[in-house]
Amino acid sequence: MARLVTRAQLVARVRQRADVQNDPHVDAAEVIDLINEKITRVWDLLVMAAPPDYYTTDLEYTTASAQETYDLPPDFYKVRRVWQVLGTRVKPLDYVDDSQRHFYEPPTGGETARLRYIQCAPTLDDDADTFDGVNGWEELIVLDAAIDIVNKQERNPAALLERRAGEERRIQGMAFRDAGAPGKIRRKMLEDPYTAWTGQLVAYMPLGQTIGFYRRATDWP
């Protein structure tokens, strides 16, 4: 179950941890900026620790004839998985790199590809905007921001640093190790000898702000 906290709640907690609840020299805009900055800094740790696919979303593409690349969504961060949708079934696509690109060609058109991706860290623009800390993991963001405030005031952040280290260890101890990709690239060039003649997709390749979808080449160089 999600544990949602609002930006207003995070601001209050940062002030409390830094002991600046009533300090007029630390304004709300500064605290908000620190919170959004710290969210981006701890995002990778939270993504790795959360249940698989917790911080992901799906997007489907319909391929066009001979069109190789398609725009990635604005909030794209990392690929989690890619499939071709075949009616009620899905078939995983393999990652292809430049060294293998000559074995593939663009889609025939009309295929449906589903991209599951990890989103970029969110930005909280309003006091009512929420962040999902899963199981209180947002405390790491709070402590990070509080440490910066204490440092700026030239006070000793030792107690906060100790709490931060403990919170990071807690999150890392709960981390799921499945990142959705193999440790090594697996080449499955001959897994389906009929794929080249069926027009099905077999591979994908992210490139800049786009993603390419490919079928097996019918005429290899």
- Message: Just the residues that are over 11 Å from the mean Cα position of the chain (by Cα), hydroxyl-bearing (Ser, Thr, Tyr) and assigned to a loop (DSSP other than H, G, I, E, B), please, taken from region 44-66.
- Response: Thr63, Ser65
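If you scan region 55-72, which residues turn out to be out of contact with any helix residue (DSSP H, G or I) (no Cβ under 8 Å at 6 or more places or on another chain) and surrounded by 14 or more Cβ atoms within 10 Å (Cβ to Cβ)? Before the answer, list the steps.
Filtering region 55-72 for residues out of contact with any helix residue (DSSP H, G or I) (no Cβ under 8 Å at 6 or more places or on another chain) gives 56-72.
Within region 55-72, Thr56, Thr57, Leu59, Tyr61, Thr63, Ala64, Glu68, Thr69, Tyr70, Leu72 qualify.
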- Task: Working only within region 73-93, note down all residues that are loosely packed, with under 15 Cβ neighbours inside 10 Å and not in a strand (DSSP E or B).
- Result: Pro73, Pro74, Asp75, Gly87, Thr88
- Residue in region 146-164 that is touching a residue at least 24 places away in the same chain (Cβ under 8 Å), surrounded by 17 or more Cβ atoms within 10 Å (Cβ to Cβ) and not in a helix (DSSP H, G or I) present: no
- What tally of residues in region 192-220 results from selecting those that are exposed (fewer than 11 other Cβ atoms within 10 Å of the Cβ), modelled with pLDDT of 60 or more and not acidic (Asp, Glu)? 2
- Answer with yes or no whether Leu59 is closer than 17 Å to Cys120 by Cβ and in contact with an Asp or Glu (Cβ under 9 Å, 6 or more places away or on another chain). no
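Scan region 165-174 and tell me whether some residue there is part of a loop (DSSP other than H, G, I, E, B), under 22 Å from the mean Cα position of the chain (by Cα) and at pLDDT below 90. Can you show your working first?
In the first step, residues of region 165-174 are kept if they are part of a loop (DSSP other than H, G, I, E, B); the result is 174.
Remaining after also requiring under 22 Å from the mean Cα position of the chain (by Cα): 174.
With the extra rule that they be at pLDDT below 90, the set shrinks to 174.
Yes, because at least one residue in region 165-174 is part of a loop (DSSP other than H, G, I, E, B), under 22 Å from the mean Cα position of the chain (by Cα) and at pLDDT below 90.
Kindly evaluate Arg17 against the criterion of being within 19 Å of Val134 (Cα to Cα), of a type in the set (D, E, K, R) and not in a loop (DSSP other than H, G, I, E, B). Show your work before the answer.
Working: within 19 Å of Val134 (Cα to Cα): no; of a type in the set (D, E, K, R): yes; not in a loop (DSSP other than H, G, I, E, B): yes.
In short, no.
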- Task: List every residue pair whose Cβ atoms lie under 6 Å apart, where the two residues are 6 or more positions apart in sequence or sit on different chains, the first residue falls within region 94-117 and is on the phi > 0 side of the Ramachandran plot and part of a loop (DSSP other than H, G, I, E, B), and the second residue, located anywhere, is surrounded by fewer than 15 Cβ atoms within 10 Å (Cβ to Cβ) and of a type outside the set (A, V, I, L, M, F, W, C).
- Result: Gly109/Ser65
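The values are calculated or read from the model by the stated rules, or taken from the named source; none is laboratory data. Because the structure is a prediction, the values reported are computed rather than measured. Neighbour counts are summed over all protein chains in view; Cβ atoms, including those assigned to glycine, are modelled from backbone coordinates with ideal geometry.
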